[in-house]
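Since every read-out is calculated from the coordinates, none of them should be taken as a lab result. Just so you know, these numbers come straight off a predicted model, no measurement behind them. With ideal geometry, Cβ positions are generated from the backbone for all residues, glycine too; neighbour counts draw on all protein chains shown.
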Amino acid sequence: MVNKIYFLLIFLSALFTLHAQKSYNALIFEGNRAFDSRDYDKASSRYMEAARLKNKDFASHYNLGNALYKSKKYDEALAEYQKAESAAGNSNDKVAASYNMGNAYMQAGKADKAAEYYKKALKQDPYNDRIRKNYEIAMLKQKQQQNQKQQKNKDQNNQNKGKDGKDQDKNKNQNNQNGGQDKQNQGKGDGDQPQKKNDENNSGKMPKDLEDAILNRVKNREQETARKILNKNSYSAPQSNEKDW
């Protein structure tokens with residue numbers, strides 16, 4: 001009895017496996033037909049169902065990557081190509097997965113990554129002219145992108161320098177204006193200084209009216225002395241010429 005149950009389980013398992021294998025192959029076949037008809041959404045759907053049945057199979061992931069690539073879904077295609085590369089059972093499958101990863105990176109504008117995977121495929125298939133040609137194109141594109149990036153950085157630096165120069169000129173002009181304004185303010189503020197200086201220089205001088213009075217007094221004394229000298233009856237000693245002021 002136990003043996004009968006055991007053989008029944010084996011039979012059911014084999015039958016299920018055969019059915020799953022047939023379904024997997026049918027899904028791949030339907031996906032291929034849709035792909036050839038350029039119905040990439042339907043093809044993606046069939047390949048995705050096949051991948052659920054056999055997640056470790058190369059064909060489902062590789063074909064799904066191709067359908068997504070045709071739909072311009074490059075990031076999703078790359079994810080499937082990576083799974084296909086991991087599931088590859090021979091060198092030809094590995095080359096195909098690496099090569100298509102290079103194509104997807106090229107379409108995504110990442111020439112450096114594309115060159116990396118083309119080179120990887122070329123190492124496994126060194127006489128493949130198509131891979132070699134795409135590798136050379138990727139290298140040239142990578143160089144072009146590097147030059148563009150360098151030129152962009154250079155232009156940005158020049159713009160920053162020009163902006164700094166304008167700011168410096170602006171500050172310089174502002175300082176000059178402030179300096180001129182300071183000089184104008186200084187001239188206005190010091191307008192009374194020359195008069196103040198004259199007042200200080202004149203502070204030690206005698207007032208004009210006092211000077212005239214003293215001169216008149218000296219003149220009168222000199223006239224009086226002259227009359228005494230001329231007077232014959234006067235024998236008094238001559239007056240001193242020393243002034244008493």
Rounded, prolate or oblate (a/c below 1.5 giving rounded, otherwise prolate when a/b exceeds b/c) for region 88-163 by Cα gyration tensor: prolate
In range of the label at I137: residues from region 77-113 whose backbone nitrogen is under 16 Å from the point 7 Å along Cα→Cβ: 99-113
Note on region 88-163: contact order normalised by length, alpha-carbon pairs under 8 Å, 6 or more apart, percent, works out to 25
List, in the order given, every pair from K120/K149; K113/K163; K113/K154; K73/K154; K119/K154 whose Cα-Cα distance in the structure shown is over 28 Å. K113/K163; K73/K154; K119/K154
Can you bin region 18-95 into rounded, prolate or oblate? Criterion: square roots of the alpha carbon gyration tensor eigenvalues sorted a ≥ b ≥ c, rounded for a/c under 1.5, prolate for a/b above b/c, oblate for the rest. oblate
Model label zone, Q168; criterion: amide N under 16 Å from point 7 Å along Cα-to-beta-carbon; scope region 142-160: 157-160
